[in-house]
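Structure first, commentary second.
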Amino acid sequence: MRKKKTRSDKNYKFTGKKHSKPGAAALLFSFAPLALFVYAVSVSYRQDGQAPKEIGCIGIAAILAAFMTLWISIREARKENVIKKVPVTGAVMSVFMLAGWVAVYVIGWIGL
């Protein structure tokens, strides 16, 4: 005869963890460097590779935004009682965008 499972045998796990609001904001703002990158590439393409100085300023602003979102994401991921998926995703996105923008600047300095 099969034993009926009791409530304690169902392996439910309830937690008091919540999503981090600054971590979610950092995830949303981590898409800003991507949008700025698309804008900068489109302007540079329309100018036949001779983008104005403003595009360089946009790139620096995007790097600063990537650093800021990386810092906020890491700070929020270290907190206790926080679901870690959102801040970690924001940190990964920020690292990719930071690496992409740094690569663009290094390629520009080298002259490839």
Problem - Label corresponding to Kirkwood radius over Cα pairs in Å when calculated from the structure given, among (1) 15.0; (2) 16.4; (3) 17.8 - result: (2)
Exercise for the section: Take each uninterrupted DSSP H stretch in the chain, measure its Cα extent along the helix axis, and return the ones at 15 Å or beyond whose mean Kyte-Doolittle hydropathy is at least 0.5. Expected result: 32-46, 53-77, 85-110
Practice task
Would you count, across the chain, every pair of lysines whose alpha carbons are under 20 angstrom apart, provided the pair is eight or more residues apart or spans two chains?
Solution key: 13
Fill in the blank from the handout: Computed, not fitted: 222 nm per-residue ellipticity of the chain from DSSP H runs ≥ 4 (each -39500 (n - 2.57)), nearest 500, equal to -23000 deg cm²/dmol
Problem - Carbon plus sulfur fraction of accessible area for the chain, probe 1.4 Å, in percent - result: 66 percent
Completion exercise
accessible surface per residue for the chain, probe 1.4 Å, DNA/RNA/ligands not counted, whole Å² -> 78 Å²
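The values are calculated or read from the model by the stated rules, or taken from the named source; none is laboratory data. Just so it is clear, the model here is predicted, and its values are computed rather than measured. All accessible areas refer to the heavy atoms of the entire protein, side chains included, with ligands and DNA or RNA removed. Shrake-Rupley method; radii C 1.70, N 1.55, O 1.52, S 1.80 Å.
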